[in-house]
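Take a look at the structure set out below.
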Amino acid sequence: MADHLARADHSDHSQPSEHVVSAGLYWLIWAILICATFLTAWVATVDLGIFNTVVALLIATCKASIVVLFFMHVKYTSEKMTKAILISAIFWLFLLLFLSLSDYATRASG
Amino acid sequence: MSDRAGVGETPLAVEHVDRPELRHHFADVVQQRNAASLGMWVFLATEIMFFGGMFCGYLIYRRAYYPSFAAGSRSLNLVAGTLNTAVLICSSLTVATAVRASQLGKRKQLIGLLFATLFFGIVFLGIKGYEWHDEYVHHHVPTFYFSAQDLVHDNPNLNIDPQATKIFYSLYFALTGIHAAHMIVGIGIFTVITIMAWKNKFSPEYHTPVEIAGLYWHFVDIVWIYLFPLLYLIDRR
């Protein structure tokens, strides 16, 4: 199989091929995350109606996404299994939240 | 699909004398590292479901008792919550750069960054403990002495149900408590990693423990990234 051949190829080298992210990029990600934290705390004090919650969760999802992509190296991994597990975990979480909330939201007592 | 007959001919079970860190049941270090990483990702998927159940309960009760949840949220210490979010982001930076230092074989830098991570983790727990004490003093811990009279008094125009604020505080203490338990486990893991780094166990060829411990730490950070707006910022207008 192709991946077996790829592994056999890797073992010939003393150092396994692995992406090393530049320190500058990590600091940039850190700066974005810190700015987003203070942005979300500030924007919560502005009256946006029901969109306060939407904006807060949107900022949180952006922050979580860049942590997953850059700090957790998902952007650089060649392993498809990592991405498959991540996507299926998010899918199951959505299933849990969406089905439960659509049940409660459509009840007369809800 | 090519045939797998060739696999049997490769000496898979040979002890790798030159690579003591490579376990004999793995073909090579890349396969061993991928297996360890895969295991951690599967564990994190179960963790998403674990926290997901509590998030789901939170969302259902928040819909049902919004004014009480908003009043409970306003009583939390916003400055401490924001500061703690920043502290955890700093710890994620030190973890990410620690993994980088281990990839490059920079031992001194690695040890320094691991100590910085432990420091930030302990600072987070310290601020969290300060908040919990504050809430205990104000009778907001949902036990025998629970009282939400101060919230009812502060929000006379809102329809605040003390029993519903008790649900908010129960969810708040459960979510932050289990998150803090994960932080304590993370500090334990990183203490072991720091000792291993001190004993010079890592090299550019082998640093899997640093990497997968880092995955765990970043996950705990992500949980807090969601907890912060959901608990502290329900209604701050």
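All of the numbers you see were taken from the coordinates with simple rules; none came from a lab. Predicted model only: the values in this text are computed from it and were never measured. Every residue, glycine as well, gets a Cβ built from its backbone with ideal geometry; the counts of neighbours run over all protein chains shown.
Dividing the summed helix terms, -39500 (n - 2.57) for each DSSP H run of n ≥ 4, by the number of residues in chain B produces a 222 nm estimate of -25000 deg cm²/dmol to the nearest 500. Counting neighbouring Cβ atoms within 10 Å and putting the fewest first, the residues A:W92, A:W42, B:W41, B:W217 line up as A:W42, A:W92, B:W41, B:W217.
Which shape class applies to chain B: rounded if a/c is under 1.5, otherwise prolate when a/b exceeds b/c and oblate if not, where a ≥ b ≥ c are the square roots of the Cα gyration tensor eigenvalues?
prolate
Looking at the square roots a ≥ b ≥ c of the eigenvalues of the Cα gyration tensor of region B:14-92, which shape do they give, rounded for a/c under 1.5, prolate if a/b is larger than b/c, or oblate? Show your work: numbers first, answer last.
On the way: a/c = 7.50, a/b = 2.50, b/c = 3.00.
It is oblate, given that a/c is not under 1.5 and a/b is not larger than b/c.
Quick one: helix B:29-64 against the long Cα principal axis of chain B, what's the angle to the nearest 10°, folded into 0 to 90? Computed tilt is about 10 degrees. When the protein assembly as shown is described by a simple charge dipole with +1 on each Lys and Arg Cβ and -1 on each Asp and Glu Cβ, the residue from A:Y104, A:G24, B:S75 located farthest towards its positive end is B:S75.
For region B:164-177, putting each phi into the Karplus relation 6.51 cos²θ - 1.76 cosθ + 1.60 with θ = phi - 60° gives couplings of 6, 5, 4, 5, 4, 5, 4, 5, 4, 6, 5, 5, 5, x Hz, in residue order, rounded to whole numbers and with x for Gly and Pro.
Can you list which of the GluC sites (Glu not before Pro) found in region B:126-226 are DSSP loop residues with at most 11 other C-beta atoms within 10 Å?
In loop regions of region B:126-226 (DSSP not H, G, I, E or B), there are no sparsely surrounded GluC sites (Glu not before Pro).
Computed on region A:12-110, with alpha-carbon pairs under 8 angstrom and 6+ residues apart, the relative contact order is 21 percent.
Shown in residue order for region B:120-131 are the 3J(HN,Hα) couplings computed by the Karplus curve 6.51 cos²θ - 1.76 cosθ + 1.60 at θ = phi - 60°: 4, x, 6, 4, 4, 5, x, 5, 4, x, 4, 5 Hz (x for Gly and Pro). By the count of other C-beta atoms within 10 Å, a proxy for reagent exposure, B:I48, A:I87, A:I66 are ordered fewest to most as A:I87, A:I66, B:I48.
Reducing region B:98-134 and region B:192-237 to their Cα centroids gives an inter-centroid distance of 9 Å.
Our summary gives chain B a relative contact order of 31 percent, counting only alpha carbon pairs under 8 angstrom and 6 or more residues apart. Counting only Cβ charges, +1 for Lys and Arg and -1 for Asp and Glu, the dipole size of the protein assembly as shown around its Cα centre is about 380 debye. Quick check on region A:59-110: take the gyration tensor over C-alpha atoms, sort the square-rooted eigenvalues as a ≥ b ≥ c, and tell me if it's rounded (a/c under 1.5), prolate or oblate. Oblate is the answer for region A:59-110, as a/c is 1.5 or above yet b/c matches or exceeds a/b. Think of chain B as having a plus end and a minus end, set by charges on the Cβ of Lys, Arg, Asp and Glu; of B:I48, B:T117, B:H24, B:T117 sits farthest toward the positive end of this dipole.
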